[in-house]
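The values are calculated or read from the model by the stated rules, or taken from the named source; none is laboratory data. Keep in mind that this is a model prediction, so the values were computed, not measured. Quick reminder, even Gly has a Cβ in these numbers, built from the backbone with ideal geometry, and neighbours come from all protein chains shown. Accessible surface is based on the protein model in full, side chains and every heavy atom, while ligands, DNA and RNA are left aside. Shrake-Rupley method; radii C 1.70, N 1.55, O 1.52, S 1.80 Å.
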Amino acid sequence: MAPGESTIDRVRIAPLDGLRALALLAVFAFHTWEFAGSPEIPVVSEVVSQNIRPDFFVVLTGFLLYLPFARDAARHRAFKTGVYLRRRLRRIVFPYWAALIYAVTLPEVLVAYMRAIGHEASWQPTPGIVDLLTHFTFTHLFFEDYWDGVNGSLWTMSLEMQLYLLFPLLILVAARWGVPALLATMGVSVLFRVAVAILVAENTQFMWSASGVGRLMEFVTGMLTAVVVFTMLDRVRGWVLAALPAGVVGGYLVATLPALQHTVLPLRELGLSLMFSCFIVLVLAVPLLSRAVSLRPLTFVGYRAYSIFLIHQPTAWYFSELLKKVIGVPEGLELLGILWTVGFGVVFLVGWVLFVTVEKPCITWSQRAGAARPQSVFPV
């Protein structure tokens with residue numbers, strides 16, 4: 001299915017909302033699988049344990065942000081960094097801050113409630129001022145003591161902010177030198193990761209590798225995928241179409257086979273970049289897949305995926321603790337089944353409240369920044 005007036009021109013693109021939902025479900029499945037004691041399920045456990053959501057969303061973010069520029073090259077010249085940054089900050093900061101406050105206050109509220117109804121409960125340690133400060137300023141990924149504090153899953157917000165700040169530079173590079181320059185930035189990212197693997201102590205390699213420069217190869221892959229969608233999608237037929245599933249499978253194997261992981265090359269990120277790039281093109285090129293990820297439940301969740309992601313880990317964790325310690329559900333498949341059904345419903349409800357009260361007003365606020373013509377056809 002080539003992008004036409006009936007899809008890409010819309011403010012929201014249903015298959016892409018569906019892809020956002022899949023990225024969210026991937027990280028939810030990973031964390032709840034851990035909370036349930038990591039039960040062994042043939043094939044499923046192997047896939048879920050990879051925690052590929054951060055990589056998926058980095059590729060998808062690059063794709064969505066660059067989509068308007070891939071479609072209309074004149075937008076490169078019209079790009080205004082100030083307008084872009086105001087839109088980004090208005091869009092993401094306040095929901096994120098609200099989620100941090102929620103993560104800090106939720107355990108205290110639960111302890112007070114449990115004690116009020118006669119159950120034993122211990123007060124949880126409150127994050128220190130520096131921990132909170134680094135999180136509120138999106139800088140926690142730069143500190144070994146704080147990158148996973150407050151809410152462990154929100155380390156990706158520091159990464160996302162770094163990529164948002166790098167995007168204007170990438171627009172400048174693309175405007176002046178085109179696709180070859182974007183490929184060169186991927187090379188810089190690969191060389192950076194090689195240097196990290198050689199020079200940085202193992203216990204801090206993750207923070208360097210998960211930085212904006214370290215994951216730039218995935219972000220730029222998403223940008224290049226947007227170029228493919230608007231220049232080649234109508235020609236994705238025959239052997240090219242057949243090669244896309246091979247790219248998905250091959251990329252996954254490169255990223256996950258143990259024999260390929262003992263190298264200074266970032267094969268995991270390169271493999272997942274290929275996998276998700278091929279997957280995005282495949283979804284947009286095959287009508288059946290496009291309709292599948294455009295199903296109303298998926299797009300409904302996808303539109304609210306940011307809010308749901310922000311609160312999913314503490315909500316799912318304390319719900320799993322309730323099931324184990326109060327109701328008596330043992331770790332294993334039974335607990336996982338409840339978390340993947342009722343648990344997701346609880347997480348969705350809390351995320352929906354955050355979306356309605358904070359994120360949706362911020363979306364409207366961000367759309368009023370700068371010129372009336374939007375910088376993006378799709379709010380990331």
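Students often check this: by mean Cβ neighbours within 10 Å, which of 321-334, 304-317 ranks highest, and how do the rest follow?
Taking the mean over residues of other Cβ atoms within 10 Å, the ranking is 304-317, 321-334.
Between rounded, prolate and oblate, where does the stretch 86-199 land on the alpha carbon gyration tensor, with a ≥ b ≥ c its root eigenvalues, rounded for a/c under 1.5, else prolate if a/b exceeds b/c?
Prolate.
To the nearest 0.05, how large is the calculated FRET efficiency for Trp365 and Val109 if R₀ is 25 Å and r is the Cβ-Cβ distance?
Plugging the Cβ-Cβ distance into 1/(1 + (r/R0)^6) gives 0.30.
So what is the diffusion coefficient of the chain in µm² per second by Stokes-Einstein at 10 °C and 1.306 mPa s, using a Kirkwood Rh over Cα pairs?
73 µm²/s
Could you work out which residue, out of Asp131, Asp145, Asp17, moves most in a Gaussian network model of the chain, that is, has the largest mean-square fluctuation with Cα springs under 10 Å?
Top of the fluctuation ranking is Asp145.
Per the Kirkwood definition applied to all pairs of different Cα atoms, how many angstroms is the hydrodynamic radius of the stretch 218-322?
Mean inverse Cα-Cα distance, inverted, gives 16.0 Å.
Just to check I understand the Karplus step: with θ = phi - 60° and J = 6.51 cos²θ - 1.76 cosθ + 1.60, what whole-Hz values come out for the stretch 174-191, glycine and proline as x?
Listing the rounded values in order: 5, 5, 8, 10, x, 4, x, 5, 5, 4, 5, 5, 4, x, 4, 5, 4, 4 Hz.
Based only on Cα atoms, what Rg/Rh ratio does the stretch 6-95 have, Rh being taken as Kirkwood's radius?
Rg/Rh for the stretch 6-95 comes to 1.11.
Report the Cα-based extents of the stretch 312-370 along its three principal axes, largest first, to the nearest Å.
Result for the stretch 312-370: principal-axis Cα extents of 53, 17, 13 Å.
Counting Lys and Arg as +1 and Asp and Glu as -1, what is the net charge of the other residues whose Cβ lies under 13 Å from the Cβ of Pro95?
+3
Please give me the summed charge of the neighbours of Tyr164: other residues whose Cβ is under 11 Å from its Cβ, Lys and Arg +1, Asp and Glu -1.
Local charge sum for Tyr164: +2.
Springs between alpha-carbon atoms under 10 Å, Gaussian network over the chain: tell me which of Gly214, Gly128, Gly247 tops the mean-square fluctuations.
Of Gly214, Gly128, Gly247, the Gaussian network model singles out Gly128 as fluctuating most.
Accessible area per residue of the chain at 1.4 Å probe, in Å²?
Per residue, the chain has 45 Å² of solvent-accessible surface.
Consider just the alpha-carbon atoms of the stretch 126-174 and return their Rg together with their Dmax, both in angstrom.
12.7, 45
Would the stretch 218-274 count as rounded, prolate or oblate if I go by the C-alpha gyration tensor, calling it rounded below 1.5 in a/c and otherwise prolate when a/b exceeds b/c, oblate otherwise?
Taking the square roots of the gyration eigenvalues as a ≥ b ≥ c, the stretch 218-274 is oblate.
Accessible area of the chain with a 1.4 Å probe: how many percent of it is carbon plus sulfur?
Solvent-exposed carbon and sulfur of the chain make up 69 percent of the total.
Semi-axes of the equivalent ellipsoid for the stretch 25-150, please: Cα gyration tensor eigenvalues, times 5, square-rooted, ordered largest first, whole Å.
Working from the Cα gyration tensor, I get semi-axes of 36, 24, 13 Å.
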